[in-house]
Amino acid sequence: MEKTLFRFICRYSLKQQIAIVLWTLVSFPFLYYSLDLPKTIVNESIQGKEWPMTIQGFELGQMEHLLVLCFSYLGLVLI
């Protein structure tokens, strides 16, 4: 039996702990964008005044822009 909890964790589950840290680091960008996207939906798509809007070469009206952002948010939530 190990004397400290830290040594016990390192000895018996170090690989799992490293995997958890890596998954957490990979998930941070998705978490950030899933928290930022509702603000963008409200500020740009619902309250925005500049229509039509061009995004990556595509011209979108207000409703299309709202749908793109909402489906993007749904995709981030599912990830």
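The values are calculated or read from the model by the stated rules, or taken from the named source; none is laboratory data. Note that the structure is a prediction, hence the values are computed from the model and not measured. For neighbour counting, all protein chains shown are included, and Cβ atoms are generated from backbone atoms with ideal geometry for every residue, glycine included. Surface areas here come from the heavy atoms of the whole protein model, side chains and all, with no ligands, DNA or RNA. Shrake-Rupley method; radii C 1.70, N 1.55, O 1.52, S 1.80 Å.
Computed quantities for the displayed model
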{"item": "Matching residues, region 46-67, being at positive phi and either in contact (Cβ under 8 Å) with a residue 40 or more places away in the chain or more than 23 Å from the chain's Cα centre (by Cα) (or both)", "result": "57"}
{"item": "Residues of region 1-40 that turn out to be under 27 Å from residue 75 (Cα atoms) and modelled with pLDDT under 85, as a count", "result": "1"}
{"item": "Among (1) in a helix (DSSP H, G or I); (2) open to solvent by 60 Å² or more (accessible area, probe 1.4 Å); (3) of a type in the set (S, T, N, Q), the one test that residue 54 misses", "result": "(1)"}
{"item": "Selection within region 42-51 - among the hydrophobic types (A, V, I, L, M, F, W, C) and either farther than 18 Å from residue 71 by Cα or part of a loop (DSSP other than H, G, I, E, B) (or both)", "result": "51"}
{"item": "Qualifying residue in region 16-28 (condition: touching a strand residue (DSSP E or B) at 6+ places or on another chain (Cβ under 7 Å) and part of a helix (DSSP H, G or I))", "result": "no"}
{"item": "Some residue of region 30-41 being of a type in the set (Val, Ile, Thr) and open to solvent by 60 Å² or more (accessible area, probe 1.4 Å)", "result": "no"}
